[in-house]
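Student: Dumping the structure here so I can ask a few things about it.
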Amino acid sequence: MKNIKKGAILATKLSSFSIKPLTNWVARQERHRQMEMVRIREGVAEKSVEEMKQAFRVQTDKQIQTVGCLIRNYPYRFRSNWLQDGQRHHVGLGCEPIVQLKKKLTDLGLTPDDWPALVEHDELLEHLSKATILKLPLLEVLHTGNGFGRRIESYLGCDKEELPLKTVRDFLAINPLEVKGCDGAEFFRRRRRQLIAMRQKLVSKGCGPRDGAFFKWNPEKKSLEKALNLLGKYRLDDVFRRRVAEILVAERMVI
């Protein structure tokens, strides 16, 4: 299918894709929005003019009829259901219609940079460009489950309210070897393996020291030395031994 301009794709009505479950889902969303509008109007005596305007703006933003509206409401995840920060989220649409929609949008020329939800959420760093990755909310890359929220806040030097606003670029500005505070240091220690994987993916996207002090931390050098020493007891020529060591480090089997 011939690519069309991004603006035209975003303005496309979801009902035009002729995916019946999707069309029905859009209709349900609109009915729900209209019901909320009625409730807002009925509560006019209890609300100020500004509160009324704000409530209408919120409902208008939730109106999902076009591709652009869908992306605005589901920027990073759009699948049948998912667990996020201990909460279960559900889209009453079904898996197959979502797959069909994403394929149609991809065929039209939409990319993961345009809509990260086109790809699996745990593969964002693999599929997005460097420029888009740096602007990602950090919590889309590092999760706060199991009590790690407080530790990440300590690591970043921010409070709970600021944390959702932090981006990957903000995270890269910090040298993990200079983090102060027990919680921040504990976050780094407990998430070290995950951070090594994240660092490897970022480097593969072209990130480096110019993008932040995070890259002053280079665990691969020490890990490579450890792997080489480990393989030293085997009768391997130097070139092959180094290659095996590099694989062990890349797969984080030695850290």
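Student: I'd like the orientation of helix 192-204 relative to the chain: the angle between its Cα long axis and the longest Cα principal axis, in ° from 0 to 90, rounded to 10.
Tutor: 80 degrees
Student: Here are a few candidate values for mean projected area of the Cα convex hull in nm²: (i) 19.2; (ii) 17.2; (iii) 15.2. Which one was actually calculated from the structure I just gave you?
Tutor: Entry (i).
Student: Measure nothing but the geometry: give the 0 to 90° angle between the long axis through the Cα atoms of 219-231 and the longest principal axis through the Cα atoms of the chain, rounded to 10°.
Tutor: So the inclination is approximately 50 degrees.
Student: At R0 = 35 Å, how high is the FRET efficiency between Gln34 and Asp114 if r is their beta carbon distance? Nearest 0.05 is fine.
Tutor: Numbers: r = 29 Å, r/R0 = 0.84.
That gives a FRET efficiency of 0.75.
Student: How many nm is it between the label spots at Ser204 and Lys180, if each spot is 7 Å from the Cα in line with the beta carbon?
Tutor: With each label placed 7 Å out from Cα toward Cβ, I get 3.7 nm.
Student: Moving to a separate point now. Between 0 and 90 degrees, rounded to the nearest ten: what's the tilt of helix 49-61 against the longest Cα principal axis of the chain?
Tutor: 70 degrees
Student: At a 10 Å Cβ-Cβ cut-off, how would you order Tyr74, Tyr234, Tyr155, fewest neighbours first? Before the final figure, lay out each step's value.
Tutor: Values: Tyr74 16, Tyr234 9, Tyr155 23.
By the 10 Å Cβ count, ascending, the order reads Tyr234, Tyr74, Tyr155.
Student: Collect residues whose amide H, placed 1.01 Å from N in the peptide plane, falls under 5 Å from the amide H of Thr167; neighbours closer than 5 in sequence don't count.
Tutor: Under 5 Å from the amide H of Thr167: Leu138.
Student: Can I ask one more? Before anything else, pin down the relative contact order of the chain: Cα pairs under 8 Å, at least 6 apart, normalised by residue count, whole percent. Mind showing how you got there, number by number?
Tutor: Values: 262 pairs, mean separation 36.4, N = 255.
For the chain, the relative contact order is 14 percent.
Student: Can you give the calculated 222 nm mean residue ellipticity of the chain, where each DSSP H run of n ≥ 4 adds -39,500 (n - 2.57) and the sum is split over every residue, rounded to the nearest 500 deg cm²/dmol?
Tutor: Working: 13 runs with 135 residues, N = 255.
Taking each H run of at least 4 residues, the total per residue is -15500 deg cm²/dmol.
Student: Now for a different question. Provide the gained length on full extension for the span Leu236 to Val99, in nm with one decimal, where the gain is 0.36 nm per separating residue minus the Cα-Cα distance.
Tutor: On the way: separation 137, 0.36 × 137 = 49.32 nm, distance 4.80 nm.
Full extension of this stretch gives 44.5 nm more.
Student: If you take the beta carbon distance between Ile247 and Phe215 as r and set R0 to 22 Å, what does 1/(1 + (r/R0)^6) give as a FRET efficiency, to the nearest 0.05?
Tutor: On the way: r = 22 Å, r/R0 = 1.01.
Given R0 = 22 Å and the Cβ-Cβ separation, E is 0.50.
Student: Amide H to amide H, which residues 5 or more places from Thr66 or on other chains are under 5 Å from it, using H placed in the peptide plane?
Tutor: For Thr66, the qualifying residues are Leu14.
Bear in mind these aren't lab numbers, they're just calculated from the coordinates by the rules spelled out. These numbers come from a predicted model, not from an experiment. Ideal geometry is used to build each Cβ from the backbone, glycine not excepted, and the neighbour counts take in all protein chains shown.
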